[in-house]
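Structure first, commentary second.
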Amino acid sequence: MADEKKLLLKIQRYNPERDSAPYFAPYEILWDDQTSFLDALQYLKDNVCPDLSFRSSCRMAICGSCGVMIDGVPKLACKTFVRNYPHGATVEPLANFPVERDLVVDLSHFLEYIEALKPYVIGNTRSPADGPNTQTPAQLARYHKFSMCINCGLCYAACPQFGLNPAFLGPAAITLGHRYNLDSRDYGKNERLRTMNTENGVWSCTFVGYCSEVCPKHADPAAALQQCKADSALNFVASVLKCKKNKEVSHGDKT
Amino acid sequence: MQTLNFDIAVVGAGGAGLRAAIAASETRPDLKVALVSKVYPMRSHTVAAEGGSAAVQQEHDSLELHFSDTVSGGDWLCEQDVVEYFVRRCPHEMVQMEQWGCPWSRKPDGGVAVRNFGGMKVPRTWFAADKTGFHMLHTLFQTSLKFPQIHRLDEHFFLDLLVEDGRAAGIVALNMMEGELVQVRAGAVVLATGGAGRVYRYNTNASIVTGEGMGVAYRKGVALRDMEFVQYHPTGLPGSGILITEASRGEGGVLLNKDGYRYLQDYGLGPETPLGQPKPKHMELGPRDKVSQAFWHEWRAGRMVSTPYGEVSLLDIRHLGREKILERLPFIRELSMQYMGIDPIDDPIPVRPTAHYTMGGIATDANCETSIRGLYAAGECSSVGMHGANRLGSNSLAELLVFGEAAGRNAAERCGESGGSSSSSLDAQAGDVESRFKALLRQKGKEKWSVIRDEMGLAMEDGCGIYRSEELMQKTIDKLAELQDRISHVGVADNSASVFNTDILNLIEISHGLDVAEAMAHSAIQRRESRGAHQRLDEGCRERDDENFLKHSLAYYNKGAAPRIDYGPIKITKLPPAKRAYGAEGASQDEKNKEKANG
Amino acid sequence: MATKRKPYVREVGCCWWKSNPYYRFYMLRESCSVFTVWVSLLLLLFLFSPSSFAALIRHPVICLLNFAALLASLLHTKTWYDLTPKALNLPEDKLAAIVKWLWVVTIAFSALALLLSLL
């Protein structure tokens, strides 16, 4: 590292086999203008406390492993630079998730919610022999932003409704479902709306909007949620009308 | 220890692993497939691939052209029947990805767009802006959720293989969250564990790309093939090594030295092409080995730009204009701004070559099966023989699909024929793994794995970098031997914790990394020629030597000693070895070949 | 086999919103609804007893309350217009135009209502 400087970080530590509750411990790091918080954590693991646990992989803000709270704000450690915190900072595990150890949280519910939204193409019968679907750039643009989610979980840490109700499917999972709803190649929207249009689905969202604010990939989950609410409402109206119509038809049959 | 029974165990959940799991499930829907990975699937390194994935798509392109680009790009060290299969399957796989929802970039008419890539004669690289790997990985992961028979074992660290009577019988993994070992029994095992770029200090790879998948197979007696061929990507960010995609050159970006001169024209890639009109296989669209080697020469001649993070060349994409950069290369812009503080719309990006890809890997046959029956390998961890001595950009994402599919399908057919391994024998093997693991946890000593990792990375850069020599390689070999000794004196600090103990896992990764690095260095020193990514500076080794070295190297593990290096034959089907030429010389060679074919 | 895991769940207290300026603004936005209730009550009073409404409306405290309600509804309108376009999946430039038009219509309508009430 060129031109090294020192800085104090307070890092939340927790060893479930030893500690009854998490606590903050101070650590001094060396840094320069390129040093990210992930570099700082790795520096500590290499040189100071090999028993510090955190997740990391790509270190270029695309794999979504290293989400943590920095000064109380959900951030990717690899994309947040020490140079912007000249007076030091606190580093905690992502909010709203159970803490397993140090900066590692339990993401299993998040993964289940992603799965519940069926984020894959449904009802398209084309096979590779038929060649690719046609999709114009405008059709691509309709869902493209929502396909940028890296599943880092920052939006869940930012969402007070998820904090208060961990059964809420949450921003990223619903965004992913919505991404497929908007894809011109997909026909599974009604199937997904059955999961979305529920109390723990889109209606748990009160549009705080902080999820979009912290999203490192600008996938705008808050927008996806609002669009899903509109879709859910329209779907409800449509199903009521259809139900009425069906009733009339069945009446007609009888007479 | 928990025992889980599956039909197939896929280790690694990146592009190849996911594709294998899906293929196995589609081939035999009644099978139970375990998908084991030390990270959640979307954290796998496939996510970081940017530029695109190759498949013949345009009218004026052909499978023959993709074949000859790949074979000549690999400096004739490819298995040609494998390459033939590969180029034939690429279009199918890319269309399959499209139908699974991959958001490929499109032409105005709604067809799939393709772009230029280095060493490719015709634009044939499918792309999703400059996040192709990300979109492919997520599409595969999301599609895998459709299959209830795929059981993910997320955050399970692969410790060892179970082998019974020369047949793969399962694996042993560490459940990282619980800190407990799990025995996963299966009739066939697919390794899709990725490369080993992290044995170099300065690299484009994620911190998880540590090579233990290769290492485990190697210790079990499977050969690591062509390990001396390690690709340096010409454009990584100085300091971090973060990848700046070849697509930035495919779209028309140029490389400059400190005088603003497009130096590639002096290294067999010229003549200079007009700005904004990139020409296939010329200048910046040369293959990666040649472009990185040109950097080395310019750097030695003192014509590179000095920065606090080393000497760099300049990648200039300003002339593409704001709109095109935002449409085609938005991630490159984001990375440059975030990590370098440079907006490539206004300034050139400082770049330098950085270790990127292991062409070699676990030796397999054309069906992706290794020398252990029922053990398959696919993706970067494998050497199915398609990249030869140098991989072309955009062939590796395609490889994940084509050979991930093949490995999964073949494993599904193989897994049923197991002779019924004896349960007690597998338990004994797993018990042995457990006692070794527990012993390692208790290991005491003054050494640190972080120090060993850094010294290994430096040694590999010094001895097995872009240019190599006998003397430097020998130094690296000696250093690695020393580190092999020292790693047994690493003290495990986190010796009591079970839950998410990454201290012990780092140590295991590095110990496998050391084995892989030794395989690389020994394969390199014994290949007394220059070919593809293996370039030597010492007397008598500066040229390609088909007479003695048109063959695969095979490194075999030798416990406590240097690896044994053996050689295996190359399969040549239709393209006999010729001079590998690019730029004007390559173009005239192509003309002559065409005339010959017509006459 | 007993697990060694002991996941620590951090409780979300009732004052969760105090910690973050974004949350505080959200609570402010949501609390605008209190004033909407107030104005609705006032209108109900007008409906059932116009005379007492006329007497009440001149009281300085009520004036102050109504002024606060005006500010609150303006704030709510702004946040509403800023956020509503998110519910529409349209290109960015179109969204900006829609927000502009929403304001134009709001101001025009308010001016018209004011004009009619003064006539």
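The values are calculated or read from the model by the stated rules, or taken from the named source; none is laboratory data. In this text the structure is predicted, and so the values were computed from the model without any measurement. Note that each Cβ is placed from the backbone with ideal geometry, even for glycine, and that neighbours are counted across all protein chains shown.
The table below lists the values:
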item	result
Selection count where residues are in contact with a strand residue (DSSP E or B) (Cβ under 7 Å, 6 or more places away or on another chain) and of a type outside the set (D, E, K, R), scope region B:423-451	9
Test result for residue B:36, within 14 Å of chain A (Cβ to nearest Cβ), closer than 27 Å to residue B:211 by Cβ and either under 19 Å from the mean Cα position of the chain (by Cα) or crowded, with 22+ Cβ neighbours inside 10 Å (or both)	no
Selection from region B:322-357 of residues that are more than 14 Å from chain A (Cβ to nearest Cβ), touching a helix residue (DSSP H, G or I) at 6+ places or on another chain (Cβ under 6 Å) and more than 25 Å from residue B:105 (Cα to Cα)	B:353, B:355
Residue list for region B:543-558, restricted to those being free of Cβ contacts under 8 Å to residues at least 24 places away in the same chain and either of a type outside the set (D, E, K, R) or surrounded by fewer than 13 Cβ atoms within 10 Å (Cβ to Cβ) (or both)	B:543, B:547, B:548, B:549, B:558
Check on residue A:89, more than 14 Å from chain C (Cβ to nearest Cβ) and closer than 30 Å to residue A:17 by Cβ	yes
Residue check, residue B:441 surrounded by 17 or more Cβ atoms within 10 Å (Cβ to Cβ) and modelled with pLDDT of 95 or more	yes
Condition met for residue A:101 (at the interface with another protein chain (Cβ under 7 Å from one of its Cβ atoms) and over 19 Å from the mean Cα position of the chain (by Cα))	yes
Which numbered condition residue A:172 misses (of (1) touching a residue at least 40 places away in the same chain (Cβ under 8 Å); (2) assigned to a helix (DSSP H, G or I); (3) touching an Asp or Glu at 6+ places or on another chain (Cβ under 8 Å))	(3)
Residue match in region C:24-40 (condition: assigned to a loop (DSSP other than H, G, I, E, B) and surrounded by 15 or more Cβ atoms within 10 Å (Cβ to Cβ))	no
Count of residues meeting criterion [charged (D, E, K, R) and in a helix (DSSP H, G or I)] in region A:91-127	2
Qualifying residue in region B:193-205 (condition: surrounded by 24 or more Cβ atoms within 10 Å (Cβ to Cβ), among the aromatic types (Phe, Trp, Tyr), over 24 Å from residue B:328 (Cα atoms) and touching a strand residue (DSSP E or B) at 6+ places or on another chain (Cβ under 8 Å))	yes
Residue in region A:190-201 that is of a type outside the set (Val, Ile, Thr), surrounded by 23 or more Cβ atoms within 10 Å (Cβ to Cβ), more than 9 Å from chain C (Cβ to nearest Cβ) and out of contact with any His (no Cβ under 9 Å at 6 or more places or on another chain) present	yes
Some residue of region C:38-48 being more than 14 Å from every other protein chain (Cβ to nearest Cβ) and closer than 30 Å to residue A:219 by Cα	no
Criterion: acidic (Asp, Glu) and surrounded by fewer than 22 Cβ atoms within 10 Å (Cβ to Cβ) - qualifying residue of B:69, B:130, B:61	B:61
Filter result for residue C:94 (surrounded by fewer than 14 Cβ atoms within 10 Å (Cβ to Cβ), within 14 Å of chain A (Cβ to nearest Cβ) and not small (Gly, Ala, Ser))	yes
First in region B:440-458 and more than 13 Å from every other protein chain (Cβ to nearest Cβ), second anywhere and polar (S, T, N, Q), Cβ under 7 Å, 6 or more apart	B:442/B:495
Unmet requirement for residue A:213, which otherwise passes all of (1) within 28 Å of residue A:72 (Cβ to Cβ); (2) within 12 Å of chain C (Cβ to nearest Cβ); (3) in contact with a helix residue (DSSP H, G or I) (Cβ under 6 Å, 6 or more places away or on another chain)	(3)
Output for region A:150-169, where each listed residue is on the phi > 0 side of the Ramachandran plot and either in contact with a strand residue (DSSP E or B) (Cβ under 6 Å, 6 or more places away or on another chain) or not in a loop (DSSP other than H, G, I, E, B) (or both)	A:153
Whichever residue in region B:92-101 is more than 15 Å from residue A:120 (Cα to Cα) and surrounded by 22 or more Cβ atoms within 10 Å (Cβ to Cβ) and, among such residues, is nearest to the other protein chains (Cβ to nearest Cβ)	B:95
Hits in region B:271-324 (condition: small (Gly, Ala, Ser) and exposed (fewer than 14 other Cβ atoms within 10 Å of the Cβ))	B:276, B:301, B:302, B:306, B:321
Complete set of residues in region A:199-224 that are outside any loop (DSSP other than H, G, I, E, B) and farther than 17 Å from residue A:177 by Cβ	A:210, A:213, A:214
Enumeration of residues in region B:211-234 that are closer than 25 Å to residue B:392 by Cβ and either in a helix (DSSP H, G or I) or within 14 Å of chain A (Cβ to nearest Cβ) (or both)	B:213, B:214, B:233
Filter result for residue B:314 (within 14 Å of chain A (Cβ to nearest Cβ) and under 29 Å from residue B:260 (Cα atoms))	no
